[in-house]
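Taking it in order: structure first as C-alpha coordinates, then the write-up.
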Amino acid sequence: MIARAFLTAFLPLAAASLVAAPALASEKDKRFFSKVQGEWSGPGEIVAGKYKGTRFNCNFKGATPEGKLGMSLDGGCRVGLFTQKMSAKIEHKGRQGYRGTFMDGALGEGLDVVGGDVSNGKVVLTLNRNQLNGAMLARLPDDDTMHVTVSVKVDKEMVPVIGMNLKRVDTRSVGSVSNR
(Lines give C-alpha, C1' and ligand atoms only; values in the text may rest on other atoms or scores of the structure.)
Protein backbone atom coordinates (compact mmCIF):
# COMPACT_ATOMS: atom_id res chain seq x y z
CA MET A 1 0.00 0.00 0.00
CA ILE A 2 2.68 2.52 0.97
CA ALA A 3 4.90 1.32 -1.89
CA ARG A 4 2.06 1.98 -4.31
CA ALA A 5 1.51 5.39 -2.74
CA PHE A 6 5.21 6.20 -3.14
CA LEU A 7 5.25 5.09 -6.76
CA THR A 8 1.96 6.83 -7.48
CA ALA A 9 3.59 9.98 -6.12
CA PHE A 10 6.65 9.40 -8.38
CA LEU A 11 4.95 8.53 -11.66
CA PRO A 12 3.16 11.84 -12.40
CA LEU A 13 6.42 13.73 -11.79
CA ALA A 14 8.58 11.75 -14.20
CA ALA A 15 9.56 13.10 -17.59
CA ALA A 16 13.15 12.92 -18.92
CA SER A 17 16.04 10.51 -18.42
CA LEU A 18 18.95 10.60 -15.99
CA VAL A 19 22.31 9.17 -17.00
CA ALA A 20 24.88 7.98 -14.46
CA ALA A 21 28.50 7.11 -15.07
CA PRO A 22 29.78 3.88 -13.53
CA ALA A 23 31.48 4.41 -10.20
CA LEU A 24 34.83 2.91 -9.33
CA ALA A 25 34.95 1.21 -5.93
CA SER A 26 37.41 2.50 -3.35
CA GLU A 27 38.21 2.56 0.35
CA LYS A 28 35.89 5.56 0.84
CA ASP A 29 33.02 3.41 -0.44
CA LYS A 30 33.89 0.63 2.02
CA ARG A 31 34.09 3.12 4.91
CA PHE A 32 30.72 4.61 4.03
CA PHE A 33 28.94 1.25 3.70
CA SER A 34 30.43 -0.03 6.99
CA LYS A 35 28.77 2.94 8.73
CA VAL A 36 25.35 1.94 7.38
CA GLN A 37 25.46 -1.37 9.27
CA GLY A 38 23.13 -1.49 12.25
CA GLU A 39 19.57 -0.66 13.21
CA TRP A 40 17.93 2.62 12.20
CA SER A 41 14.59 4.22 13.04
CA GLY A 42 12.88 7.52 12.36
CA PRO A 43 10.19 9.59 10.70
CA GLY A 44 9.64 10.29 7.03
CA GLU A 45 7.29 12.26 4.84
CA ILE A 46 6.09 12.34 1.26
CA VAL A 47 6.96 15.92 0.26
CA ALA A 48 5.53 16.08 -3.29
CA GLY A 49 2.87 14.49 -5.46
CA LYS A 50 -0.59 13.13 -4.81
CA TYR A 51 0.21 11.97 -1.26
CA LYS A 52 2.14 15.09 -0.22
CA GLY A 53 2.10 15.54 3.55
CA THR A 54 1.73 11.84 4.36
CA ARG A 55 3.94 11.09 7.37
CA PHE A 56 5.28 7.69 8.29
CA ASN A 57 7.76 6.06 10.66
CA CYS A 58 10.42 3.57 9.51
CA ASN A 59 12.62 0.88 11.05
CA PHE A 60 15.51 -0.53 9.03
CA LYS A 61 18.43 -2.87 9.45
CA GLY A 62 21.52 -1.84 7.48
CA ALA A 63 23.98 -4.49 6.34
CA THR A 64 26.85 -5.01 3.92
CA PRO A 65 26.99 -8.13 1.69
CA GLU A 66 29.62 -10.66 2.72
CA GLY A 67 32.78 -10.26 0.63
CA LYS A 68 31.19 -7.66 -1.68
CA LEU A 69 31.02 -3.89 -1.85
CA GLY A 70 27.54 -2.51 -1.25
CA MET A 71 24.75 -2.24 1.27
CA SER A 72 21.19 -3.17 2.05
CA LEU A 73 18.51 -1.45 4.09
CA ASP A 74 15.65 -3.80 4.98
CA GLY A 75 12.64 -3.12 7.13
CA GLY A 76 9.37 -1.32 6.91
CA CYS A 77 7.54 1.96 7.19
CA ARG A 78 4.32 2.45 9.13
CA VAL A 79 1.43 4.81 8.38
CA GLY A 80 -1.24 4.56 11.08
CA LEU A 81 -2.03 0.89 11.59
CA PHE A 82 -0.48 -0.26 8.30
CA THR A 83 3.13 -1.30 7.73
CA GLN A 84 4.74 -1.64 4.29
CA LYS A 85 7.95 -3.63 3.77
CA MET A 86 10.67 -1.39 2.35
CA SER A 87 14.14 -2.30 1.09
CA ALA A 88 17.09 -1.07 -0.93
CA LYS A 89 19.93 -3.33 -2.04
CA ILE A 90 23.00 -2.34 -4.02
CA GLU A 91 26.31 -3.96 -4.94
CA HIS A 92 29.27 -2.80 -6.95
CA LYS A 93 29.40 -4.79 -10.22
CA GLY A 94 32.86 -3.93 -11.57
CA ARG A 95 32.81 -1.67 -14.65
CA GLN A 96 29.01 -1.52 -14.52
CA GLY A 97 29.26 0.40 -11.23
CA TYR A 98 26.52 0.10 -8.63
CA ARG A 99 23.44 -1.95 -9.46
CA GLY A 100 20.50 -3.11 -7.37
CA THR A 101 16.88 -2.55 -6.43
CA PHE A 102 14.70 -0.16 -4.46
CA MET A 103 11.73 -2.18 -3.20
CA ASP A 104 11.41 -5.13 -5.59
CA GLY A 105 12.93 -3.39 -8.63
CA ALA A 106 11.34 -2.18 -11.87
CA LEU A 107 10.01 -5.65 -12.73
CA GLY A 108 7.84 -5.43 -9.60
CA GLU A 109 6.45 -2.30 -7.97
CA GLY A 110 9.83 -0.67 -7.26
CA LEU A 111 12.74 0.89 -9.09
CA ASP A 112 16.09 -0.38 -10.36
CA VAL A 113 19.36 1.09 -9.10
CA VAL A 114 21.34 1.68 -12.31
CA GLY A 115 24.34 3.63 -11.00
CA GLY A 116 25.80 5.37 -8.00
CA ASP A 117 28.65 7.24 -6.40
CA VAL A 118 29.99 7.58 -2.86
CA SER A 119 31.60 10.86 -1.81
CA ASN A 120 31.79 13.18 1.20
CA GLY A 121 29.78 11.00 3.59
CA LYS A 122 26.93 10.23 1.20
CA VAL A 123 25.87 7.85 -1.54
CA VAL A 124 23.83 9.01 -4.53
CA LEU A 125 22.09 6.18 -6.37
CA THR A 126 20.47 6.56 -9.79
CA LEU A 127 16.95 5.07 -9.93
CA ASN A 128 15.01 4.01 -13.02
CA ARG A 129 11.62 2.50 -13.88
CA ASN A 130 10.50 2.77 -17.51
CA GLN A 131 10.22 6.55 -18.14
CA LEU A 132 10.68 7.39 -14.44
CA ASN A 133 14.18 8.53 -13.51
CA GLY A 134 15.40 9.70 -10.16
CA ALA A 135 17.92 9.42 -7.38
CA MET A 136 18.17 8.22 -3.80
CA LEU A 137 20.58 10.14 -1.58
CA ALA A 138 21.68 8.62 1.73
CA ARG A 139 23.82 10.97 3.82
CA LEU A 140 25.55 10.19 7.13
CA PRO A 141 26.34 13.52 8.84
CA ASP A 142 27.60 11.52 11.85
CA ASP A 143 27.80 7.88 12.97
CA ASP A 144 24.29 7.91 14.47
CA THR A 145 22.28 9.89 11.88
CA MET A 146 21.19 9.02 8.34
CA HIS A 147 19.16 11.30 6.06
CA VAL A 148 17.54 9.65 3.02
CA THR A 149 15.95 11.61 0.18
CA VAL A 150 14.30 10.12 -2.91
CA SER A 151 13.91 12.53 -5.83
CA VAL A 152 12.55 12.25 -9.37
CA LYS A 153 13.56 14.09 -12.50
CA VAL A 154 10.99 16.49 -13.91
CA ASP A 155 12.14 18.16 -17.13
CA LYS A 156 15.74 19.02 -16.22
CA GLU A 157 15.27 19.40 -12.46
CA MET A 158 15.43 16.89 -9.59
CA VAL A 159 12.37 17.20 -7.34
CA PRO A 160 12.48 15.68 -3.80
CA VAL A 161 9.53 13.34 -3.24
CA ILE A 162 10.32 11.41 -0.03
CA GLY A 163 12.46 12.38 2.94
CA MET A 164 13.49 10.31 5.98
CA ASN A 165 15.53 11.24 9.06
CA LEU A 166 16.83 8.10 10.70
CA LYS A 167 18.71 7.65 13.98
CA ARG A 168 20.84 4.68 14.98
CA VAL A 169 18.96 2.63 17.59
CA ASP A 170 21.47 -0.16 18.17
CA THR A 171 24.27 0.11 20.68
CA ARG A 172 26.96 -0.99 18.23
CA SER A 173 29.73 1.50 17.76
CA VAL A 174 30.86 2.13 14.24
CA GLY A 175 34.47 1.23 13.47
CA SER A 176 36.64 2.41 10.63
CA VAL A 177 38.09 0.38 7.80
CA SER A 178 41.87 0.45 7.53
CA ASN A 179 43.43 2.11 4.48
CA ARG A 180 45.95 -0.61 3.75
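Counted by Cβ distance under 13 Å from HIS92, the other residues give a net charge of +3, where Lys and Arg count +1 and Asp and Glu count -1.
Using heavy atoms of the protein chains and a probe of 1.4 Å, the accessible area assigned to LYS61 is about 120 Å². Give the shape of the stretch 74-180 as rounded, prolate or oblate, defined through the alpha-carbon gyration tensor: a ≥ b ≥ c are the square roots of its eigenvalues, a/c under 1.5 means rounded, and otherwise the shape is prolate if a/b is larger than b/c and oblate if not. It is oblate, given that a/c is not under 1.5 and a/b is not larger than b/c.
Remark: accessible surface ordering of LYS156, LYS85, LYS93 (largest first) is LYS156, LYS85, LYS93, probe radius 1.4 Å.
Computed over protein heavy atoms with a 1.4 Å probe, the accessible surface of the stretch 72-140 works out to 47 Å² per residue. Give me the percent of accessible area attributable to carbon and sulfur for the stretch 59-180, probe 1.4 angstrom. So the carbon and sulfur contribution to the accessible surface is 50 percent. As an exercise, use a Förster radius of 25 Å and the Cβ-Cβ distance of GLN131 and PHE82 to find the FRET efficiency, rounded to the nearest 0.05. For GLN131 and PHE82, the calculated efficiency is 0.30. At full extension, ASP143 and LYS28 could sit 39.9 nm farther apart than now, given 0.36 nm per residue minus the alpha carbon distance.
The values are calculated or read from the model by the stated rules, or taken from the named source; none is laboratory data. These numbers come from a predicted model, not from an experiment. A quick note on method: Cβ atoms are made from the backbone with ideal geometry, for glycine too, and the neighbour counts reach across all protein chains shown. Just the protein is used for accessible areas: all its heavy atoms, side chains included, with ligands, DNA and RNA removed. Shrake-Rupley method; radii C 1.70, N 1.55, O 1.52, S 1.80 Å.
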